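Undergrad: Got a structure here, written out as C-alpha cells. Questions coming.
The values are calculated or read from the model by the stated rules, or taken from the named source; none is laboratory data. Since the structure is predicted, the reported quantities are computational estimates derived from the model, not experimental observations. Ideal geometry is used to build each Cβ from the backbone, glycine not excepted, and the neighbour counts take in all protein chains shown.
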Amino acid sequence: MSVRAKRVAEQIKVEMGDILTNVLKDPNIGFVTVTDVEVTRGLQEATVYFSVYGNDAEKEKSFKGLERAKGLVRSEIGKRIRLRKVPELHFEFDYSIEYGNRIETLLKQVKAEDE
C-alpha cells in the first residue's frame, strides 16, 4: 500500500469513528468499533473492518444498519476529507479480537490443567 493510501485509510478510520458516534442515529447499529481500513492503490475502494460488541444477531443487525447507511457515511467522509473521488465503502467483520480471546481462553485452560 502506498504512503498516500495509508494516510487516507487512517483518516477514513478516524472519521468513521466520529461518524458512528455522532452522526448515525440508527438504533440497529450497536456498539461498533472500526478496527482497520484498507484502501486500494487507486483510492477507488475502501474496506472498513469493524467489530461489534454483542451476540451474532446483534452483529448481523449492525452490519445491515451499516450497509443501509453506506451512502450517508460516504457523503460524510467526502465532506471531511478532500479527495477527488470518495472511495466506495465495503464493510467486513473483523474476527481477530474474537480469535485472540479464544486463543487466550484455550491457553488459560491448558495452564489450569497443568497446575
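Undergrad: Among the residues of segment 86-115, which ones are touching a Leu at 6+ places or on another chain (Cβ under 7 Å) and basic (K, R)?
TA: none
Undergrad: Now for a separate question. Specify which of the listed residues (V8, V23, V37) is of a type outside the set (G, A, S) and within 12 Å of the chain's Cα centre (by Cα).
TA: Sole residue among the options that is of a type outside the set (G, A, S) and within 12 Å of the chain's Cα centre (by Cα): V37.
Undergrad: Farther than 27 Å from A5 by Cα and out of contact with any Lys or Arg (no Cβ under 6 Å at 6 or more places or on another chain) - does that describe any residue in segment 67-87?
TA: no
Undergrad: What is the one condition in (1) at pLDDT 90 or above; (2) within 12 Å of the chain's Cα centre (by Cα) that E45 does not satisfy?
TA: (2)
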